[in-house]
Amino acid sequence: MAYTVPKLKDFSPAALDNAARELLSALEREAAQTGSADQRKSFRDHWLGRKDGILAQMNQLWLKAAPKEAKREVGQRVNQLKAEVEQKVEAALTKAANVTTTPSLDISLPGIRRQLGAEHPIIRTMHEIVGVFKNLGYSVAEGPVVETDYYNFEALNFPPNHPARDTQDTLFLANQEAKPRREQLLLRTHTSPVQIRTMEKLKPPIRIVIPGKVHRNDPPDASHSPMFHQVEGLAVDTNITFGDLKGTLDHAMKALFGASVRTGFRPSFFPFTEPSAEMFVSCFICGGSGKRGPDPCRPCKQTGWIEILGCGMVDPNVFEFVKQNGYDPEKVSGFAFGMGVDRIAMLKYGLDDLQLFFQGDVRFLQQFA
Ligand code: DAH
């Protein structure tokens, strides 16, 4: 409630002092609420307004109403008080106007710096690998990390008692025993099941890369982790040959590790490819010499070669599982490959401990930002 000047019955000095004190404390209260220009205007009108402002009310209710014998005394006091009110109102207005015109935001201050995130070195490496194949016209496919035995093993031509199906290696979900074997859930041990999933959906010809997380029951150490990453590849068409595989992968390795790396193949075995091979690149750390100055080159174990991926021609038995979608092994052929991203990232960044990638130590990760 805005203050109004009270009528006085008693015009004694003590009563006038009292009334003056109340008036001034009301002034102080109202002066504190002058944030906006509108508030400042009504504050000024309320106290100094000619017609019915507080000063005018003081004239009416205190000076004019005072009995004759008190007039002199009252007149002096009222005049003093009016001068004080005028001065205080002006001071309050000036102060309020200054406060509100001073910007509350100092745009010259440095501000709050938001730290930008960056790709994790493994994800960055994964994107680089995928990028190389995208440039060759490959599409990207993804699939579930929790997979069925059918996609992870059966349709990839793993024999029923293959050691990879063993619990020593595969992480199975609990309480699956009641289900038929092929429906039992597990954490995929490789990205290869997405080959089948994609061939079920897309008719040939296809060219796809498949990045993703995989799991195996390996205790963590400097070169193992129960969770790691792979990039898989699959190309199916008529007349795809081992020469296509070699040419494609040789190009990809040069794009990833530098034009001077050489590639080599050694026979290997995977249930879902026939023939199968392991691909090696000449060590891009020692240049293939096996030595770094007088010291042995550790990353290639002095061999001058680094094993980088598994690959091969898609086994006709695999095509049998998706034959009805156009993958007749008599008509189409293809090659596939799969590589471990984490190890490639380690080689690229010269790390000797895989665990650094997964410990989440910002001091380590910031180096890649
Ligand atoms: N899936 C294999 C693994 O995890 C890697 C692999 C080898 C993938 C040969 C392929 C392939 O597509 O053709 O060890």
Every residue from the stretch 200-237 that is out of contact with any strand residue (DSSP E or B) (no Cβ under 7 Å at 6 or more places or on another chain), modelled with pLDDT under 95 and open to solvent by less than 60 Å² (accessible area, probe 1.4 Å): ALA222
Test: residue in the stretch 299-311 that is within 16 Å of the ligand (Cβ to nearest atom), open to solvent by 10 Å² or more (accessible area, probe 1.4 Å) and among the polar types (S, T, N, Q): no
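Test of understanding: among GLU330, GLU320, which residue is away from the ligand (no atom under 15 Å from the Cβ), closer than 30 Å to THR198 by Cβ and loosely packed, with under 14 Cβ neighbours inside 10 Å?
Numbers: GLU320 fails: loosely packed, with under 14 Cβ neighbours inside 10 Å.
Step by step, each of GLU330, GLU320 is checked, and only GLU330 is away from the ligand (no atom under 15 Å from the Cβ), closer than 30 Å to THR198 by Cβ and loosely packed, with under 14 Cβ neighbours inside 10 Å.
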Residue satisfying all of: in the stretch 12-55; open to solvent by less than 30 Å² (accessible area, probe 1.4 Å) and more than 24 Å from THR94 (Cβ to Cβ); nearest to the chain's Cα centre (by Cα) among these: ALA19
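Criterion first (under 25 Å from the mean Cα position of the chain (by Cα), without any contact (Cβ under 8 Å) to a residue 24 or more places away in the chain and open to solvent by less than 40 Å² (accessible area, probe 1.4 Å)) does PHE364 satisfy it?
Working: under 25 Å from the mean Cα position of the chain (by Cα): yes; without any contact (Cβ under 8 Å) to a residue 24 or more places away in the chain: yes; open to solvent by less than 40 Å² (accessible area, probe 1.4 Å): yes.
Here the answer is yes, as PHE364 does meet what is asked.
Per-residue answers, yes or no, for (1) among the hydroxyl-bearing types (Ser, Thr, Tyr); (2) assigned to a helix (DSSP H, G or I); (3) at pLDDT 90 or above:
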site: VAL5; (1), (2), (3): no, no, yes
site: GLN33; (1), (2), (3): no, no, no
site: PHE43; (1), (2), (3): no, yes, no
site: GLN57; (1), (2), (3): no, yes, no
site: LEU63; (1), (2), (3): no, yes, no
site: GLU73; (1), (2), (3): no, yes, no
site: ALA96; (1), (2), (3): no, yes, no
Any hit, the stretch 273-292, residues being touching a Phe, Trp or Tyr at 6+ places or on another chain (Cβ under 7 Å), modelled with pLDDT under 95 and open to solvent by 10 Å² or more (accessible area, probe 1.4 Å): yes
Residue in the stretch 335-342 that is open to solvent by 30 Å² or more (accessible area, probe 1.4 Å), modelled with pLDDT of 95 or more, among the acidic types (Asp, Glu) and more than 9 Å from the ligand (Cβ to nearest atom) present: no
Number of positions in the stretch 167-194 that are open to solvent by 70 Å² or more (accessible area, probe 1.4 Å) and within 36 Å of the chain's Cα centre (by Cα): 6
Number of the condition not met by THR4 [criteria: (1) closer than 16 Å to LYS64 by Cα; (2) touching a residue at least 24 places away in the same chain (Cβ under 8 Å)]: (1)
Checklist (1) closer than 23 Å to ILE206 by Cα; (2) open to solvent by 70 Å² or more (accessible area, probe 1.4 Å); (3) among the charged types (D, E, K, R) applied to GLU154, failing item: (2)
Hey, ILE240 closer than 30 Å to ILE285 by Cα and crowded, with 19+ Cβ neighbours inside 10 Å or not: no
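The values are calculated or read from the model by the stated rules, or taken from the named source; none is laboratory data. Note that the structure is a prediction, hence the values are computed from the model and not measured. Reconstructed Cβ throughout: ideal geometry from the backbone, glycine too, with neighbour counts over all protein chains shown. Side chains included, ligands, DNA and RNA excluded: accessible areas come from the protein's heavy atoms. Shrake-Rupley method; radii C 1.70, N 1.55, O 1.52, S 1.80 Å.
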